[in-house]
Each structure stands twice: as C-alpha cells, then as structure tokens.
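The values are calculated or read from the model by the stated rules, or taken from the named source; none is laboratory data. These numbers were taken from a predicted model, which means no experiment stands behind them. As a convention, Cβ positions derive from the backbone with ideal geometry for all residues, glycine included, and neighbour counts pool all protein chains shown. To get the accessible areas, we keep the full protein, side chains included, count just its heavy atoms, and leave off ligands, DNA and RNA. Shrake-Rupley method; radii C 1.70, N 1.55, O 1.52, S 1.80 Å.
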Amino acid sequence: MTDTTNRSLFERARKVIPGGVNSPVRAFGSVGGDPYFVERAEGAYVWDVEGNRYIDYVQSYGASILGHAHPRVVAAVSGAAAKGTTYGKPTESEVRLAEELVERVDGLEMVRLVSSGTEAAMSAVRLARGVTGRDKVVKFAGNYHGHSDSLLAAGGSGVANQGLSGSVGVTAGAVADTVVAPYNVVPEIDDSVACVIVEPVAANMGLVPPVEGFLEALRTACNRADALLVFDEVITGYRLERGGATGRFGVQPDVWCFGKVIGGGLPVGAFGGSSDIMAGLAPLGPVYQAGTLSGNPLATAAGLAVLAELDAAAYGRLTATATHLAEGLRTVFTAAGVAAVVPQVGPLVGLFFGEVVPRDYDEARTSVELGLYAAFFRAMLAEGVALAPGPYEVIFPSLAHSAADIDATLAAAAKAATALADP
Ligand SMILES: *Cc1c(COP(=O)(O)O)cnc(C)c1O
C-alpha cells in the first residue's frame, strides 16, 4: 500500500514516530499545519509526495550548500557505497578530508571526525574540560550546540521553538557547571572556566551577527583566565568563506566544531584544534571519545566532493545570491509596509519582524513574539517557497539557487507580505 498524501503519511508517522518526526522542528508545531513529506530533491528544489515543488531555503539546515543531489556528490557517494559503507577501520578518504579541513582554517591543525554537530560540541567540551582540568562551561543564550545534556540550557533552534529553557530529563547535576550568558556581551570568566563556547555568528536564534569587537574581546578574556575559546562553526564553517568565521573575523579559537557543510548531506561532524590540545584525546591522551561510524566512507566522500566545489568563485556567487535575496526582501517588506529586518552575513540571511536587528536572545524573542512568522511561512509555502518551519532558523540559499529562483521567491514574498499587512 502506498500513501501519497502528506496528511496520511503524517498520520502513519505519528503512530510509530513520536510526533511523527525525527527532529522536533519538522512537526510544524510553531507554524501550524501538517508538514509536507519530501519525495525527492534536486538543486534548489524539493518535491513533496503530492507532487508540489518548493524552492527550498532549508537545504537540510545548510548541510546542502551545493543544493540537493549535486551530481558530483551523488557520484562520490555511490562510488564509495559500492566499495562498502563502513569498515570500522581507517581509510585514506578520512585522512584527505581532515587534510582539506585543516588546510582552510588558520590555527586548525588536527580534527577528529564524528557523526553529528551534537557529537562535535559535546566532545569539544569534554576535551576542554580534560585539558584544562576545570569544570565550568560558559555558553550564550540562544546559541545552539546540539542536544547534549550540558549544552541544552537556553539553546536556540528547536529548543527555542519548543519554548523550553532546556529539557526535562536533563538533571540539575548535568547543567550545574553550565553558565548561560547573554550573547554579544563578554561574560565574567574566572579560573573555574574550562571553556567558553560560542556561535561566532549566531544562526539558531534567527541570524544575530556578533557586534563589532565581541569575538576579539572574548578571545582576550579567555586568554586572561587561561580558559579555552570554542567556536561552534557547525553552520559558519566552510560557509561564510573558505576559512569560515575564523577567516572572516580574524579571531582564532582554541577548539572548533564543524558539521553540516562538511558532510555534503551525510551525517558528519568534526572538532579540532592545535596538535597540542588535540593530543589530549584518546589514544594519545586521557580524554575518551569514539564512534562506530566516525569517518564514515560515504560521509567523507561526500564532504570531499563538496569542498572541491567551494572555491573563491563559489563563495562569491553564494554571497551574491544571498545579497540579491536580502535586498529584495527588504524592498518587499518596505513596499508592503511590514516592519521587518533582514540581516545578512555573507551567504547567511535572517528575517525578523519588528524594527531592529536583535543583538541577543531576548531581543530575538521579542521579535518572534510579534507572532508574524507563522503566517508568513504559510503564505510562502502556498506560493511554493519552503522556509524553515520555525522563526529561530535562518535562510539558507545554496549554490543551486539561480537569480530566477530568487526573483520567484521575491514575487512570492511580495504577495505574502501584502497579505500580512492586510490580513
Ligand atoms: C546544527 C547545529 C549543531 C548540531 O548539529 P547536529 O548535526 O544537528 O547534531 C550544533 N551547533 C550548531 C551551531 C548548529 O547549527
């Protein structure tokens, strides 16, 4: 029996998968309506099981920077699959991916590959605690570092959509050493702090750029306290530019976390740092970390295929596409008389209703509480444009989005904004 409607699939899904989804934001809880079930995707587009086509700005939350089903990625993955999907033994492909990753980022000397951004951030914190011998971790409200226990507090992204400050099931003990500070303000850092973990451009509470000097001052404050600075570059890494946020802002952390882009749409993450710090990891050092599928041959093949496409021209094109979209959206909202701001950092675009670009989580929430995103999202979806089903996500144009796709998106946005202004 085949089900061909989104509604019937969602009903079946809810019987066997909690909420019908394998990641909460996909359930459309904060935008209303039923989620569409994807049948296939290619380039800038996804098609649902009912045959509707959407211009996709989710792109698996940025994992598909080349667009969906890029022919070189498909070929790399199928070529690798034919040689075996996992061995639990080292391969040349993981060495090559590690070489490509460290080559692009100043100060990054070694990486350990894992299977998700969550694992990367969780392991980075363990490593920081292990090498400093300290317990405390400072994180910023509205920054998201995956769903490991100690990092969920005041997480952005889906945690924010759920309206949870963290999660039931996370013990007080698990977060006792987590300190949450407001973004864009340098917190107090003393000698009990193992590390400060930060999204160098916050992209899980909408898009909140770092204020001038924030990252530099954070670096200085960490140095003063001998605490490690961890950049969670799971979104920004290899996306903002070749050298990620490190390259863009010229500030080097001690430890980096990566994910999304580097797996070309397969499950991958990585964390890394200087050879000295990474020597803390087993088997060289006492900090344990492991993974059955770590360095998986399909994922490394996909990651290598993606990085091979990301030359200077590609970053230039991607940023030009983002600029076209951001400037167009501003024009559309102004014309419709809808108060909205559209921040942009390189290839990343944000959207907040209201008059000001938020500087922190409280200000981002104030925008979200205006309650306009859901209606805008639904109107865009009806016009064939798929934004993320939550107000705390960002807009991910890919290299597959053409100028015509952006123009079509802006035409849809003009209709959606007019409807918002005059409901
Ligand atoms: C997506 C994300 C993560 C978590 O990555 P997963 O692969 O979903 O576990 C961590 N940090 C940041 C900044 C992210 O955007």
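Hey, what's the chain come to in accessible area per residue, 1.4 Å probe, Å²?
That works out to 41 Å² for each residue.
How far is it, in nm, from the label point at THR366 to the one at SER274 when both lie 7 Å from their Cα along the line to the Cβ?
Here the modelled spin labels are 4.1 nm apart.
Collect residues whose amide H, placed 1.01 Å from N in the peptide plane, falls under 5 Å from the amide H of LYS136; neighbours closer than 5 in sequence don't count.
Sorted by chain and number, the residues that satisfy this are ALA194.
Using modelled backbone amide H atoms (1.01 Å from N, in-plane), which distant-in-sequence or interchain residues come within less than 5 Å of LEU228's amide H?
Amide H to amide H, under 5 Å and 5 or more residues apart or across chains, LEU228 pairs with CYS195, VAL196.
Would you compute, for the Cα atoms of the range 337-390, the largest minus smallest coordinate along each principal axis and list the three values in descending order, in whole Å?
Dimensions of the range 337-390 along the principal axes of its Cα atoms: 31, 27, 22 Å.
Using θ = phi - 60° and the Karplus relation 6.51 cos²θ - 1.76 cosθ + 1.60, list the HN-Hα couplings for the range 389-400 in order, rounded to whole Hz, with x at every Gly or Pro.
x, x, x, 9, 9, 10, 9, 10, x, 10, 5, 8
How would you classify the range 95-229 from its alpha-carbon gyration tensor, with a ≥ b ≥ c the square roots of the eigenvalues: rounded for a/c under 1.5, else prolate if a/b is greater than b/c, otherwise oblate?
Numbers: a/c = 1.29, a/b = 1.18, b/c = 1.09.
Rounded shape, in that the Cα axes give a/c under 1.5.
Given contacts defined as C-alpha pairs under 8 Å and at least six residues apart, what's the relative contact order of the range 71-162, whole-number percent? Let's see the in-between values first.
On the way: 53 pairs, mean separation 15.0, N = 92.
Computed value for the range 71-162: 16 percent relative contact order.
For the range 339-353, take each phi angle, set θ = phi - 60°, evaluate the Karplus expression 6.51 cos²θ - 1.76 cosθ + 1.60, and give the result in whole Hz per residue in order, putting x for glycine and proline.
6, 8, 10, 10, x, 9, 10, x, x, 9, 10, x, 8, 10, 7
Over all Cα pairs of the range 280-392, how is the pair count split among 5 Å bins, expressed in % and running from 0 up to the last occupied bin?
Calculated P(r), rounded to whole percents: 2, 9, 13, 15, 14, 10, 11, 12, 8, 4, 2, 1, 0.
With each label point set 7 Å from Cα along the Cα-Cβ vector, what nm distance links ASP34 and ASP407?
Distance between the two pseudo-spin positions: 3.5 nm.
Pick out, from VAL58, TYR144, PRO187, the residue whose Cα sits farthest towards the positive end of the charge dipole of the chain, with +1 on the Cβ of Lys and Arg and -1 on the Cβ of Asp and Glu.
It is VAL58, whose Cα lies furthest towards the positive end.
Return the FRET efficiency for the residue pair LEU284, ALA320: r is the Cβ-Cβ distance, R0 is 45 Å, and the value is rounded to the nearest 0.05.
Using R0 = 45 Å, I get an efficiency of 0.55.
Top to bottom by accessible area (1.4 Å), largest first, where do LEU293, LEU298 land?
Numbers: LEU293 90, LEU298 30 Å².
Per-residue accessible area, sorted high to low, gives LEU293, LEU298.
Report the label-to-label distance for VAL211 and VAL356 in nanometres (one decimal), using points 7 Å from each Cα along the Cα→Cβ vector.
The answer from the label model is 1.0 nm.
Quick one: Karplus J couplings for the range 88-103, per residue in order, coefficients 6.51, -1.76, 1.60, θ = phi - 60°, nearest Hz, x for Gly and Pro?
Ordered by residue, 3J(HN,Hα) equals x, 9, x, 9, 5, 4, 6, 5, 5, 5, 4, 4, 5, 5, 6, 5 Hz.
Straight-line reach only, C-alpha to C-alpha below 24 angstrom: list the lysines that LYS139 could link to, leaving out same-chain residues fewer than 8 apart.
Reachable lysines: LYS260.
Using Cα pairs under 8 angstrom and six or more residues apart, how large is the relative contact order of the range 6-50, in percent?
It rounds to 33 percent for the range 6-50.
Report, to the nearest whole %, how much of the accessible area of the range 71-309 belongs to carbon and sulfur atoms, 1.4 Å probe, protein only.
53 percent
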